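Visitor: I have a structure I would like to understand better, so I am pasting it below and will then ask my questions one at a time.
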Amino acid sequence: MSKTKGLLKLLRFELPFSAGVCVVIGQMLALGDFASIFISISGFVSVFLISASILVLNDYFDVETDRINSPQRPIPSGLVSPSEALFFSFVLLFAGLLLSYLISIKVLLISILLSIIGFLYNRYFKKSGLPGNLMVSISVGMTFIFGGASVGLPSHKMVLFFGLIAALIDLGEEIAADAMDIKGDLLINSNSLAIQYGGSVALKISSYIFIFVILLSLIPFIINWFSIVYLIPIGIMDVSIGYSVFRLLKSTNEEGRKFIRWIYLGAISGIILFIIMRVIGI
């Protein structure tokens, strides 16, 4: 039981679950409705397993750092050995890629690319600062592309648009979070923007990205992609981002983490409302 508990703890369930949800959102953005049960479940589970594999691999590579900073994690605590974690990661990856193959070759290729990015990030770029931030944000955006590809529409304009929005929001959050974690990142020799240029500079860069997201979100209305009624969900997202960024620039570390979470919650709420309105035909 302790071994099973340790393996499950390596998954960090909420993160691969969120990745799977992004796939389903990508499918619905492309179709304006739910995909078939097989495609919905296969797409969700495939990305869940691949994301979980990457997270397990992260613990495998971080074992020495975790012995100091997070000794309660499964590997340094002795619940799971490094070799068991590595094998578990491979099993998850194989299962995820197999499900991707059953959907389509195009989806399999996207899954392989996601896996390569995850490996490179864990092995070489986690402490690199901006390059690592970009790799994570690109992966987030690609989950939407994965969803579109799983229903045969990887280049659908709404899939690409919201994939870009999600990637930029994640990039802003990553940089802002680094500004909150300077002390911890110094211990692991991270090269984050906050460490290179200071926390206030990193927060300003993050705020510029979020402001760009707000401006970008208005473009579909200017070029008549969306009807004016969709300003409601987009407005919810933009107001949430704008208010949170304003508070974030004036906050302490603990407050800052709260406002970073508000940005995420506001964005996901706006996107979900957008999808609901599309499905019911508003």
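The values are calculated or read from the model by the stated rules, or taken from the named source; none is laboratory data. What you are looking at is a predicted structure, and each value in this text was computed from that prediction instead of being measured. Backbone-built Cβ (ideal geometry, glycine too); neighbour counts: all protein chains shown. What goes into the accessible areas is simple: the full protein's heavy atoms, side chains included, and nothing from ligands, DNA or RNA. Shrake-Rupley method; radii C 1.70, N 1.55, O 1.52, S 1.80 Å.
Visitor: ³J(HN,Hα) across the stretch 267-280 via Karplus (A = 6.51, B = -1.76, C = 1.60, θ = phi - 60°), whole Hz, x for Gly/Pro?
Guide: Using θ = phi - 60°, the values come out as 5, 5, 5, x, 5, 5, 4, 4, 5, 4, 5, 5, 5, 8 Hz.
Visitor: Could the peptides 171-179, 98-106 be put in order, highest first, of the mean number of other beta-carbon atoms found within 10 Å of their residues? If you can, show how the numbers build up before the last one.
Guide: Values: 171-179: 24.3, 98-106: 16.9.
Those peptides, ordered most packed to least, come out 171-179, 98-106.
Visitor: Cα-based Rg (one decimal) and Dmax (whole number) for the chain, in Å?
Guide: Both quantities, over Cα of the chain: 19.2, 57 Å.
Visitor: According to the square roots a ≥ b ≥ c of the eigenvalues of the Cα gyration tensor, what is the shape class of the stretch 154-282, taking rounded for a/c under 1.5, prolate for a/b larger than b/c otherwise, and oblate for the remainder? Mind dumping the intermediate values first?
Guide: Details: a/c = 2.56, a/b = 2.19, b/c = 1.17.
Prolate, since a/c reaches 1.5 and a/b exceeds b/c.
Visitor: For the chain, what is the calculated [θ] at 222 nm in deg cm²/dmol (nearest 500), taking -39500 (n - 2.57) for each run of four or more DSSP H residues and dividing by its residue count? Each step should come with its number before you reach the end.
Guide: Numbers: 13 runs with 223 residues, N = 282.
About -26500 deg cm²/dmol.
Visitor: Under a 1.4 angstrom probe, counting protein chains only, how are Tyr121, Tyr243 ranked by accessible area, largest first? Let's see the in-between values first.
Guide: On the way: Tyr121 45, Tyr243 110 Å².
The ranking, largest first, comes out as Tyr243, Tyr121.
Visitor: Right, here's the next one. Can you compute 3J(HN,Hα) from phi for each residue in the stretch 88-95, using the Karplus curve 6.51 cos²θ - 1.76 cosθ + 1.60 with θ = phi - 60°, rounded to whole Hz and x for Gly and Pro?
Guide: 4, 4, 5, 5, 4, 5, 4, 5
Visitor: I need the phi-derived Karplus couplings for the stretch 187-202: 6.51 cos²θ - 1.76 cosθ + 1.60, θ = phi - 60°, integer Hz, Gly and Pro marked x.
Guide: Once θ is set to phi - 60°, the couplings for the stretch 187-202 become 5, 9, 6, 5, 10, 5, 4, 5, 6, 5, 10, x, x, 5, 5, 4 Hz.
Visitor: Give the total of Lys-Lys pairs in the chain with Cα-Cα distances below 17 Å; include a pair only if its members are 8 or more places apart or on different chains.
Guide: On the way: Lys126/Lys183; Lys127/Lys183; Lys204/Lys250; Lys250/Lys258.
Lysine pairs meeting both conditions in the chain amount to 4.
Visitor: Can you tell me which of 140-150, 39-49 comes out highest on packing, and rank the rest after it, using the mean Cβ neighbours within 10 Å? Mind dumping the intermediate values first?
Guide: Details: 140-150: 27.0, 39-49: 22.7.
Taking the mean over residues of other Cβ atoms within 10 Å, the ranking is 140-150, 39-49.
Visitor: Given 25 °C and 0.890 mPa s, compute D for the stretch 87-223 with the Stokes-Einstein relation, Rh being the Kirkwood radius over Cα pairs; round to the nearest whole µm²/s.
Guide: D, rounded to a whole number, is 150 µm²/s.
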